[in-house]
Every structure is written in C-alpha cells, then in structure tokens.
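Student: Take a look at this one; I'll ask things after.
Nothing in this text is a laboratory measurement; each read-out follows from the coordinates by a stated rule. Nothing here was measured: the structure is a model prediction, and the numbers come from that model. Cβ atoms come from the backbone with ideal geometry, glycine included; neighbour counts cover every protein chain shown.
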Amino acid sequence: MSKTILIVGAGGQIGTELIPHMQQLYGEDHVIAAELRPQVCEKLSEKVRVECLNALDARAYASVIKKYRPDWIFNLVAVLSATGEKDPQTAWHVNMGALLNSLELAREYKCGVFTPSSIGAFGSNTPSNGTPQDTVMRPNTIYGVCKVSGELLSDYYYSRFGVDTRSVRFPGIISHGTLPGGGTTDYAVEIFYAAVKGESYTCPIPHNSYMDMMYMPDALQACSGLIEADPSRLKHRNSFNITAMSFCPRELYEVIRRRVPDFKMTYRVDPVKQAIADSWPDYMDDTCAREEWGWNPVWDIDAMADDMLRNLKVKLLK
Ligand code: AKB
C-alpha cells in the first residue's frame with residue numbers, strides 16, 4: 001500500500017539516502033524532505049519535494065504536516081554523541097525538542113513516527129557482549145540520555161495516545177553518500193575516504209575498541225522493514241536492537257589494507273570518543289528484531305569494504 005513519508009532532518013547521512021529508498025518504494029510524489037539548512041534544501045530540491053523547516057518551530061512544523069498529511073514522519077533530527085558532549089544543553093534542546101514536536105503532531109494528525117535510537121542508549125554498566133534487547137540503560141553521554149528518554153517518550157505516546165511509534169537502535173552506519181558528522185563511529189567512514197585518496201588515516205578510537213556497525217543498504221532496509229511490519233507481531237516498539245557486524249579499528253584497517261596495500265593508519269586517541277566507545281556495547285543481540293519483524297542484514301565487513309572502495313573511487317577520483 002502506498003504511503004506518504006515526511007523525512008525531517010533529511011539532509012544528513014541517513015536522510016539523503018532514505019529519500020531515494022522511500023521514493024523507490026512509495027513513488028516520487030509520496031516523499032517529502034524537510035531540512036533546516038537553506039543550502040542543503042536547495043541541493044535536495046533537485047531530487048525531492050523540499051520544505052525548509054526548523055523542526056523546533058512547532059507552528060511551522062504543523063503547517064508542513066497539514067500540507068502533506070504524511071502517513072509516517074521519519075524524525076532524523078539529531079546532534080550526535082561526540083558533538084553533544086561539547087554542548088549538552090543544545091543537544092538536549094534539539095534532540096528532544098524535535099522529537100516532542102514530531103510526537104505531538106503525529107498525535108494530532110494521526111500518523112506514525114519513526115525515530116532512530118542508537119547503541120548510544122546503552123552505558124558502561126550494560127552487558128557489552130551480546131547486549132540483550134531489554135537490559136540496563138544508564139548511558140554516560142547526553143546523546144544517550146536523549147536516546148533513552150526518546151525511547152520512553154515514544155513508547156508513552158504509543159500506550160497513552162495510540163500513536164504508531166517504532167524505532168531501531170542503530171549502530172555506526174557506514175556509507176559513501178553524505179558524511180556523518182559528530183559521531184563516535186565516524187572513523188569507520190572517514191578511514192575509507194583516506195584510503196581512496198591515498199592519504200594515511202589518524203584514528204581517534206583505540207585499536208581494540210569494538211562497536212556494532214552496519215552498511216547503509218541494511219539500515220535503509222531496517223527503516224522500511226519496520227514501518228511495514230505487522231503491528232500485531234511487535235512485542236517491542238521503541239526500540240529494537242539491530243546490528244550487522246562488529247569490529248575494532250585494527251580489524252577494519254586490516255580489511256582495507258588487503259585491498260589497498262599501501263594504506264597506513266596511526267592512532268591519536270580522542271579521550272572523549274574513547275570514553276564513549278568504551279561505554280557502548282561490543283555487539284548487540286538483535287534476536288527480537290529478527291523474530292518480531294524479520295530483520296535480516298545482508299552486508300558483512302568484506303562485502304561492505306569492497307562496495308565502499310568501489311563507490312568512493314568513482315566519487316573522489318573521477
Ligand atoms: C554516533 O556515533 O554518535 C552515532 C551513533 C552510533 O548513534 N553514529
């Protein structure tokens with residue numbers, strides 16, 4: 001069945017790739033992108049209908065909802081983990097403000113809300129190997145505090161007001177389109193750019209720090225798979241653990257070096273990113289997502305590395 005999708009915060013790493021994914025599934029006229037930055041809006045407008053919107057402005061946001069009457073809002077507005085630590089008050093204001101507006105408008109205009117959560121919702125006293133779906137959640141970052149609060153608020157809007165809220169806990173997302181910005185897992189994207197440009201890479205994360213990761217096509221599949229899921233099968237909503245691979249910088253370096261033999265990497269560990277990475281799971285257990293809505297990632301580290309290098313060569317060396 002066709003759906004109208006409003007992607008808010010559409011100019012970021014996930015949004016720019018979610019646009020064509022959703023257009024392919026539901027038709028070009030059924031996807032609307034909302035974005036704050038005028039220059040990014042202009043670029044997006046070559047491919048999709050765009051509204052320049054500050055999602056913290058509830059009245060402006062309401063007028064966009066009234067105009068398009070979406071079936072689903074994808075609320076992708078986020079200040080990520082490392083940037084959040086530089087200005088926690090702004091991170092809270094932006095992350096929670098955009099979510100609250102999305103939920104309130106969804107309640108009033110009867111649509112669903114998908115808001116990504118993150119491995120950042122966990123903290124240093126969470127079991128880090130095979131992190132269970134339902135476990136201790138006491139994050140050590142403002143980003144994580146927002147993610148846990150967002151999960152709870154989204155579940156509250158479902159149980160109290162019947163808003164169809166659904167979410168996944170994304171790991172680090174690796175992609176060759178738009179660069180991520182301000183995250184702890186960004187190294188796993190930056191390293192590929194350096195390798196393709198023939199530069200060496202200085203890694204801010206310790207060589208043996210494991211984190212969950214996922215290639216963008218699997219992340220997009222998770223977004224559409226979960227909103228298409230039969231609600232009667234969902235025992236959880238906000239939010240599902242999902243993962244595709246887990247590796248540390250040393251392992252990713254070895255995988256790239258097998259393909260780019262001259263590539264060099266050194267380490268200058270960023271203590272803020274190190275503390276964040278240490279507090280996050282090494283790998284999550286995503287059994288519930290597999291059982292409740294058929295989550296089934298297809299990209300592993302080798303296939304992902306081949307595809308990243310192939311695409312970045314086209315993008316950067318043409
Ligand atoms: C970050 O590193 O902050 C994000 C995330 C894992 O949520 N990429």
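Student: Among Val50, Val40, which is within 30 Å of Trp280 (Cβ to Cβ), among the β-branched types (Val, Ile, Thr) and free of Cβ contacts under 8 Å to residues at least 60 places away in the same chain?
Tutor: Val40
Student: How many residues are closer than 25 Å to Leu6 by Cβ and aromatic (Phe, Trp, Tyr) when one looks only at the stretch 227-252?
Tutor: 1
Student: What is the one condition in (1) without any contact (Cβ under 8 Å) to a residue 24 or more places away in the chain; (2) within 11 Å of the ligand (Cβ to nearest atom) that Met214 does not satisfy?
Tutor: Here Met214 clears every test but (1).
Student: I'd like to check which strands (runs of 3 or more DSSP E) are fully inside the stretch 31-147 and have at least 2 residues that are in contact with a Pro (Cβ under 9 Å, 6 or more places away or on another chain) and not acidic (Asp, Glu). Steps first, answer last, please.
Tutor: On the way: elements: 31-35, 49-52, 72-75, 112-114, 129-131.
Of the strands (runs of 3 or more DSSP E) lying wholly inside the stretch 31-147, those with at least 2 residues that are in contact with a Pro (Cβ under 9 Å, 6 or more places away or on another chain) and not acidic (Asp, Glu) span 31-35, 72-75, 129-131.
Student: If we scan the stretch 151-168, do we find a residue that is buried (at least 18 other Cβ atoms within 10 Å of the Cβ), within 16 Å of the ligand (Cβ to nearest atom) and outside any helix (DSSP H, G or I)?
Tutor: yes
Student: Separate question: Being assigned to a helix (DSSP H, G or I) and among the small types (Gly, Ala, Ser) is the filter; apply it to the stretch 231-284 and report the residue that is farthest from Glu199 (Cα to Cα). Don't jump to the end; show me each part of the working.
Tutor: Step one: of the stretch 231-284, the residues assigned to a helix (DSSP H, G or I) are 231-233, 249-259, 271-279.
Within this subset, residues satisfying the condition of being among the small types (Gly, Ala, Ser) are 232, 275, 277, 279.
Working: Ser232: 51, Ala275: 27, Ala277: 25, Ser279: 30 Å.
Among those residues, the one meeting the criterion is Ser232.
Student: Just checking, which of Ser117, Ser81 is touching a strand residue (DSSP E or B) at 6+ places or on another chain (Cβ under 6 Å) and within 13 Å of the ligand (Cβ to nearest atom)?
Tutor: Answer to the selection: Ser117.
Student: Restricting attention to the stretch 229-243, report how many residues are under 18 Å from the mean Cα position of the chain (by Cα) and under 19 Å from Val298 (Cα atoms).
Tutor: 4
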